[in-house]
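For reference, the structure is listed below as structure tokens.
The values are calculated or read from the model by the stated rules, or taken from the named source; none is laboratory data. All of these numbers come straight from a predicted model, not from anything done at the bench. Reconstructed Cβ throughout: ideal geometry from the backbone, glycine too, with neighbour counts over all protein chains shown. SASA here: full protein model, heavy atoms, side chains in, ligands and nucleic acids out. Shrake-Rupley method; radii C 1.70, N 1.55, O 1.52, S 1.80 Å.
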Amino acid sequence: MPLLFATLLILAAPARADAPVQSPPAETDTSDAPPDERGLLRRYIDQLIKGPAQPEKPQFLIYPVLAYAPETRLEMGLSSLYLFRARRDPTNRLSEIPVYVFYTFNNQFGVRFENAVFTNQSRWSFLGEGQIQYFPLKYYGIGTDAESDDAVVVDARLALIRERVLVRLGESDLYFGPEIGFNAIGNVEFQPLDGPVPDPLPRGGDGTANLTVGLGLVHDTRHNPLNVREGVFGEIAYLQSSDRFLSEYTFGNAYVDLRGYLPIGEHNVLAGQVLGQFGNGDLPFNELALIGGESIMRGYYTGRYRDQNLTAAQVEFRMLPIPMSWTNRIGAAAFLAAGTVAPTISDLSLSEVRVTGGAGIRVLTFPKSDIFTRGDIGWSEDGPGFYIYVGEAF
């Protein structure tokens, strides 16, 4: 789902697919029931916060968005969300198709979209995300030797899509199927900022378009992806491109994403994640593995370090909420992460590991869905980074 933050009014995403399923209301005689005297806006806000009265019915929602990250500064936009369940069966997992149009104070704008569509009993899953945008970002160079003083600005148009088509393996929590990706960057211009424009430009620095195809295996027992309290998630995938088929370069990327969540006491959660990306061939700079961002290695700017191979891990302790006599809607979290990049797997070294850590507050914005808005501050060797988003980082 796109990154959200409530503005002006308390706005909230409806209950996720894995929130407790509500039973359809019993048939009653409403001929003498008093009319609903709430205004249209109040009814709409109540529906956003509390979720639909009849979860089997499709919904289409539109709401304003406000977010913050070092890469964008203040970000605002408009998000739409289409929700439905296969066969209108409330026991089926909720499908989501969000679309998010945004503008940032760094003069970045575009549209992001996602799809999480599930057939009856989740026999088939269609999971994907994409973005089409004008998005100037800092580029520091390749490898762990990249210095903050070497940063330049990359002005470019970007189109990025990744789609998974997964079939459930029997009655298990395993899903398997093909994956496809497309990454195109055009109208590229490297502009000096703190350092000079790299000469020569990195591979793909004059614009490139590449199609990747492959296979993925997913294991998922999470109940609420935006605030997981118990369960595991794992994905292993490999995607390959060829300069003989709709690509300018030949390269491959293997992805590993493993997450675990352990409840501690009534409200606390210990969460951990291990990430790996391992590339081979002629990867353009926009396909390299990245350190930094609002999800992994918070405190580093997205792409602060990049190379063909990455290993990273993070652990986070969440108190959701903190027991207080006057409210049950305030929580907190503390996190620690470490990671590194290298040109080859054999070059991955503990001596080049970068470490970040931080803490944040949580506000239970959407009680029906058990979803918190987080405000995090992460510290790295480059200083602090501030993040405001709905939902946990992983």
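Among the GluC sites (Glu not before Pro) in segment 119-164, those located in a DSSP loop and surrounded by at most 15 other Cβ atoms within 10 Å of their own Cβ are Glu147. With a cut-off of 12 Å between beta carbons, the residues surrounding Gly110 carry a summed charge of +1, where Lys and Arg count +1 and Asp and Glu -1. Restricting the GluC sites (Glu not before Pro) of segment 348-394 to loop positions (DSSP other than H, G, I, E, B) with no more than 14 neighbouring Cβ atoms within 10 Å leaves Glu381. Distance between the modelled labels on Asp89 and Val363, one decimal in nanometres: 4.0 nm (7 Å Cα→Cβ projection).
If we count every other residue with Cβ under 12 angstrom of Phe135's Cβ, Lys/Arg +1 and Asp/Glu -1, where does the sum land?
Combined, the nearby Lys, Arg, Asp and Glu give 0.
Using the rule -39500 (n - 2.57) for each DSSP H run of four or more residues, divided by the residues of the chain, the 222 nm mean residue ellipticity is -1000 deg cm²/dmol.
For the chain, the share of accessible area belonging to carbon and sulfur comes to 61 percent (1.4 Å probe, ligands and nucleic acids excluded). Residues in the chain average 47 Å² of solvent-accessible surface per residue, probe 1.4 Å, ligands and nucleic acids excluded.
Sorting the segments 358-367, 149-158, 299-308 by their residues' average number of neighbouring beta-carbon atoms within 10 angstrom, most packed first, yields 299-308, 358-367, 149-158. Net charge of the neighbourhood of Pro263, taken over other residues with C-beta under 11 Å away and scored Lys/Arg +1, Asp/Glu -1, is 0.
The candidate values were (1) 78, 47, 39; (2) 53, 47, 47; (3) 70, 54, 39; the one computed from these coordinates for Cα extents along the principal axes in Å carries the label (1). For the listed peptides 275-287, 311-323, a ranking on the average number of other beta carbons within 10 Å per residue, highest first, reads 275-287, 311-323.
A probe of 1.4 angstrom, applied to the heavy atoms of all protein chains, finds Leu94 with accessible area near 10 square angstrom.
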